[in-house]
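Quick notes on the structure that follows.
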Amino acid sequence: MALLSVVVPVYRNAGSLEELHARVSALAAQVEGLEMELVLVDDGSPDASWDVISRLAARDPRVRALGLSRNFGSNAALLAGLQHATGDAIVTLAADL
């Protein structure tokens, strides 16, 4: 069984995170023998992104929630996500779909 890590830096994306989760989950379900973790890294978003990430992580054990203390920029958020990813392979996505 292979584990795919999907790393997503998040900044002001509260409105798209549920849809992102649904799309990534549906795609992973189509590939036999593939497990997935979704690493969502909140880059100090001033909106409700962290609340949405926390809800997703609470209801889906495949979601890993990381929160940065302030906005460091997408590269720093991406690096944090890559450092916490545990998959055999890693892909990155933009949170705005």
In Å², nearest 10: area of Asp88 left accessible to a 1.4 Å probe: 120
For Rg/Rh (Cα atoms, Kirkwood Rh), calculated from these coordinates, the label among (1) 0.91; (2) 0.94; (3) 0.99: (2)
Nearest-ten-degree value, helix 17-29 long axis tilted from longest Cα axis of the chain: 10
Length-normalised contact order for the chain - Cα pairs under 8 Å, 6+ apart - percent: 46
Crossing angle, helix 74-84 versus the chain [Cα axis fit, 0-90 degrees, rounded to tens]: 40
Nearest-10 value in Å² for the accessible area of Thr92, using the 1.4 Å probe: 70
Within the accessible area of the chain (1.4 Å probe), percent carbon and sulfur: 53
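Using a 1.4 angstrom probe with every protein chain in place, what is the largest-first accessible-area order of Arg59, Arg64?
Arg59, Arg64
For His21, His84, what's the largest-to-smallest order of accessible area, 1.4 Å probe?
From most exposed to least exposed: His84, His21.
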Between region 23-42 and region 48-97, the alpha-carbon center distance in angstrom: 13
0 to 90° range, to nearest 10: angle between helix 49-59 axis and the chain longest Cα axis: 30
DSSP beta bridges in the chain [antiparallel fraction, %, rounded to 5]: 0
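The values are calculated or read from the model by the stated rules, or taken from the named source; none is laboratory data. Predicted model only: the values in this text are computed from it and were never measured. The protein model used for the area step is the full one, side chains on, heavy atoms only, and it has no ligands, DNA or RNA in it. Shrake-Rupley method; radii C 1.70, N 1.55, O 1.52, S 1.80 Å.
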